[in-house]
Every structure is written in structure tokens, then in C-alpha cells.
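Since the structure comes first, as C-alpha cells, the remarks are kept for the end.
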Amino acid sequence: MMNGSIAKRYATALFEEAQAQFVDRQVYDHLGMLHRSMKAEPNLQMALINPRVTKEKKYALILLASGLDPEATTLYTRFLRLLLENRRENQLRMIIFVYRDMYREHYGIDRVVFETAVEVDDTIINHLTQRIKEHRHHEVECERKVNPRLIGGFRLRIGDRHYDYSYKHQLELIRKELCPTP
């Protein structure tokens, strides 16, 4: 069986049970925190797939990275125990992606990535998300990224749609016009 289908099975089971217990948002938030922790600290992923790290240490690491107290007993913590017991910790990252996509689709949430050359303040982000909400009639979850290589301007991704208004992109377009390749 392919790894993606294993992750999908686990994520689907977790999502369905979380909905039944009315804790799907809590699980979504814990998985979001875990995802951010894994992005910020790549060694966390390495520790989770290291066979020399005990299940208990892995469990403690995941709880800490999820922003949970070690004494917490929830559907989420029981799910983590099941995952570790079945040695599926290598599927955790994919499970996070699948669960979060299912949640967003179910609740009509658009994932937006706003990439700029410099950090922008909350006023701009709030204005952007409000405009997108008005236009698309969905809730919006906005992720900020800073990429100095853009020089200026911004890139915006809403779902599968990409908009590139960066200076870097504009300069590339001008260069292609001035120096067309045969």
C-alpha cells in the first residue's frame, strides 16, 4: 500500500472521530502548531523517524511541539499514541497535510499565502484577508512569507491560483521582452 493512502486513512479516521466529538477545530489547531514546529525545527522530524528514540520520547516531543501539556488526555493524544504504537510516525507530516486540507475543504476555508520582500504589518494582512473574504465568500487563513529575493511587490497564492506582482517577476518579463530567446 502506498504511503499517501496510509496517511489518508489515518487523517480521515481522525477527522471523522474529531467531528463526532466536536473537537475537530482543536485537533486542527494542534496539528497546525505541530506543523509550524516541524517547519521551524527540522531536527524534530529527524527525531521522530529515528528508531533509537523511544516511543515515549517521541510522544513527549510531539506533545511539546503541539503546544500540549504532557498530562493532556484527548482524542488527539490518543491518536498520537495509536500512531506511535503502529510505528507510523514517519507518516505524521502527511497526516497533518491531509487532515488540514480536509478541514479546510469541509469548512470552506481558503488558504492564502502572501509573500513579500519585507515584513508587512497586520493592517495590510487584515485588509488583504477582508478583501479576499468579500470576493470569494469564504473564510481565509493567511500565511505570511518574507522573501527578500522578490526585491519589492508581492506574490499571492489563493488555493491553486498564483498572482505574481513582485518586482523580480516584472524585471524578468522586461528582460524576456528585451532579449527574446529563439
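Details
- What separates the Cα centres of segment 153-182 and segment 65-132 is a distance of 29 Å.
- Mean separation of Cα pairs under 8 Å and 6 or more residues apart, divided by the residue count, gives segment 23-79 a relative contact order of 40 percent.
- Of [x] -0.24; [y] -0.35; [z] -0.19, the label for log10 I(q)/I(0) by the Debye sum over Cα atoms at q = 0.08 Å⁻¹ derived from the coordinates: [y]
- Residue-averaged 222 nm ellipticity for the chain, from DSSP H runs of 4+ at -39500 (n - 2.57), nearest 500: -19000 deg cm²/dmol
- Packing-based order for 22-28, 165-171, using average beta carbon neighbours within 10 Å, highest first: 22-28, 165-171
- In this label model, Tyr163 and Arg175 are separated by 2.5 nm, measuring between points 7 Å along each Cα→Cβ vector.
- Phi-derived couplings, Karplus 6.51 cos²θ - 1.76 cosθ + 1.60 at θ = phi - 60°, listed residue by residue for segment 143-157: 10, 9, 9, 10, 9, x, 5, 6, 6, x, x, 7, 10, 9, 10 Hz, with x used for Gly and Pro.
- Angle between the chain longest axis and helix 55-66 axis [Cα atoms, degrees, rounded to 10]: 40
- The chain, relative contact order in percent, only Cα pairs under 8 angstrom and at least six apart counted: 20
- Angle of helix 122-136 to the longest C-alpha principal axis of the chain, folded into 0 to 90 degrees and rounded to 10: 90°.
- The GluC sites (Glu not before Pro) found in segment 33-118 that occupy coil by DSSP, while having at most 16 further C-beta atoms within 10 Å, are Glu71.
- Pairs of Lys residues in the chain are counted when their Cα atoms are under 26 angstrom apart and they lie 8 or more places apart or on different chains; the count is 12.
Readers should treat all values here as calculations from the given coordinates under stated rules, not as data from a laboratory. Predicted model only: the values in this text are computed from it and were never measured. Please note: Cβ atoms are built from the backbone with ideal geometry, for glycine as well, and neighbour counts cover all protein chains shown.
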